[in-house]
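No lab work stands behind these numbers, since they all come straight from the coordinates. Small disclaimer: the values here were computed from a predicted structure and weren't measured. Don't worry about glycine lacking a Cβ; one is built from the backbone with ideal geometry, like all the others, and counts go over all protein chains shown.
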Amino acid sequence: MVKLLIVDDSVFMRTVIRDMVTKDPTIEVVGTASNGLDALEKIQSLEPDLVTLDIEMPKMNGIQVLEELQKQRRRPKILMLSTLTSEGADMTYKAIRLGADDFMLKPKDIPHVRVIGDELITKLKHLVTLPSTAVVHKAPARSGPAERVVLIGSSAGGPPMLDSLLAAIPEDLPAGVMVTQHMPTGFTAALAERFNRIASMPVKETENGDILETGKILLSKAGVHTIISNDMDAKKTRIGRIIHSNTAPLHGVRPAVDKTFESAAKVYGKNIVSVILSGMGNDAGAGAHAIKEAGGTSLLCDEKDCLVYGMARSAIQKNAVDKVLPLSKLAPEIERLVLQMEGAHV
């Protein structure tokens, strides 16, 4: 049984969160708190495994709670509940830097709050499985511009899956990794910071002009499309360079997985492994098709491991899938495929 403390200044939110999580018999709500001071006292007395923590609260806000918890030897896993605003994004990034373990976005309109129930339960149960200490990244055995790439696309339900997959990919994989996760503008900086603690390779949010490098993971910046363009360095080595595009959203999202996949297919051709995880909508199908047409390989995660299967289904409908695997089998298959690519000397 996982013990949960709910911290929010809104009676409505405390009630809704309790209702949502108690549908899972493995989660026990051991208490609630309406402000940061109350939260700190109850963390000490109730010893919860998990805390859902609001940011804006009276007396002591969520950021101040995290600062106080840094002084303590033992602390529970913390899931921040963030508002969908630019200030909310900045505060979420700060919270992650201060040791919060994950974050979740509150819907803008109250009638839609309850729709996040399944995702909330998934996140909470996933959090207790994560190690308490961050991964220490070694200097990669191979470095420089990537000649082989792994492209990952996901949306709703994707982040917990990415935690598992990015941790399982070998740190010495001779490829660069690019992740495109649907996320509101401003929040991918915090997500990259989170992934960097968990992944086998260092992770950063994309910046305009970045290059895909072996042994490193890039996370597409929210609010722009991530285009991979064909470039050359001074040594005439092929480079996949990141270009941020402000063109209109595709499938209602920006960044769109299709934009990244389709542009990468023109640069890396058969030296691509694409992976589609959980997500709603039709994004990723056309991109997976472009990669398959260029000679690359397209993998899907099995539906039973996904919260939503819309993105994967879009690839199936375009006959753009080489293999469907459980989440636990994706990393070994990625490694196998990369090592058999042209130029992947070991």
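Per-structure values
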quantity: Debye, to nearest 20: dipole size of the chain, +1 on Lys, Arg Cβ, -1 on Asp, Glu Cβ; calculated: 500
quantity: The range 2-127, dipole about Cα centre (Lys/Arg Cβ +1, Asp/Glu Cβ -1), debye to the nearest 20; calculated: 280
quantity: Among I63, L84, I276 the positive-end extreme of the charge dipole of the chain (Cβ point charges); calculated: I276
quantity: Cα shape, the range 165-215, gyration tensor, a/c 1.5 rule; calculated: oblate
quantity: Listed residues V115, V21, V177, most fluctuating in the chain (Gaussian network, C-alpha, under 10 Å); calculated: V115
quantity: Distant-in-sequence amide H partners of L105 (H built 1.01 Å from N, under 5 Å); calculated: S82
quantity: GluC sites (Glu not before Pro) lying in DSSP loop within the range 1-95, provided at most 11 other Cβ fall within 10 Å; calculated: none
quantity: Most mobile of H244, H126, H289 in a GNM of the chain (Cα contacts under 10 Å); calculated: H126
quantity: With at most 16 other Cβ atoms within 10 Å, longest stretch of the chain clear of loop trypsin sites (Lys or Arg not before Pro) (DSSP); calculated: 143-234
quantity: For the range 219-233, Karplus couplings with θ = phi - 60° (6.51, -1.76, 1.60), whole Hz, Gly/Pro x; calculated: 10, 4, 5, 6, x, 9, 7, 9, 9, 9, 9, 7, 9, 10, 8
quantity: Along principal axes, Cα extents of the range 2-127, largest first, whole Å; calculated: 36, 34, 25
quantity: Charged-residue dipole, Cβ positions (Lys, Arg, Asp, Glu), the range 149-339 about Cα centre, Debye nearest 20; calculated: 300
quantity: Order of T188, T32, T26 - criterion: other Cβ atoms within 10 Å of each residue's Cβ, fewest first; calculated: T26, T32, T188
quantity: Angle in degrees between helix 158-168 and the longest Cα principal axis of the chain, rounded to the nearest 10; calculated: 60
quantity: Ascending count of other beta-carbon atoms within 10 Å, so fewest first, for M232, M161; calculated: M232, M161
quantity: Contact order normalised by residue count of the chain, Cα under 8 Å, 6+ apart, percent; calculated: 13
quantity: Stretchable slack from V115 to D172, in nm (0.36 nm times residue separation minus alpha-carbon distance); calculated: 16.6 nm
quantity: Rounded tilt (10° steps) of 86-97 against the dominant C-alpha axis of the chain; calculated: 90
quantity: Charge-dipole axis of the chain as Lys and Arg at +1 and Asp and Glu at -1 on Cβ define it, positive-most pick from T133, M13, A265; calculated: A265
quantity: Estimated FRET transfer efficiency when R0 is 22 angstrom, pair M60-S86 (beta carbons, to 0.05); calculated: 0.45
quantity: Square roots of five times the Cα gyration tensor eigenvalues for the chain, Å; calculated: 36, 20, 18
quantity: Backbone HN-Hα couplings from phi across the range 62-68 [Karplus 6.51/-1.76/1.60, Hz, Gly and Pro as x]; calculated: x, 5, 5, 4, 4, 4, 5
quantity: Whether the range 149-339 is rounded, prolate or oblate, judged on the alpha carbon gyration tensor where a/c under 1.5 counts as rounded; calculated: rounded
quantity: Angle between the chain longest axis and helix 327-339 axis [Cα atoms, degrees, rounded to 10]; calculated: 30
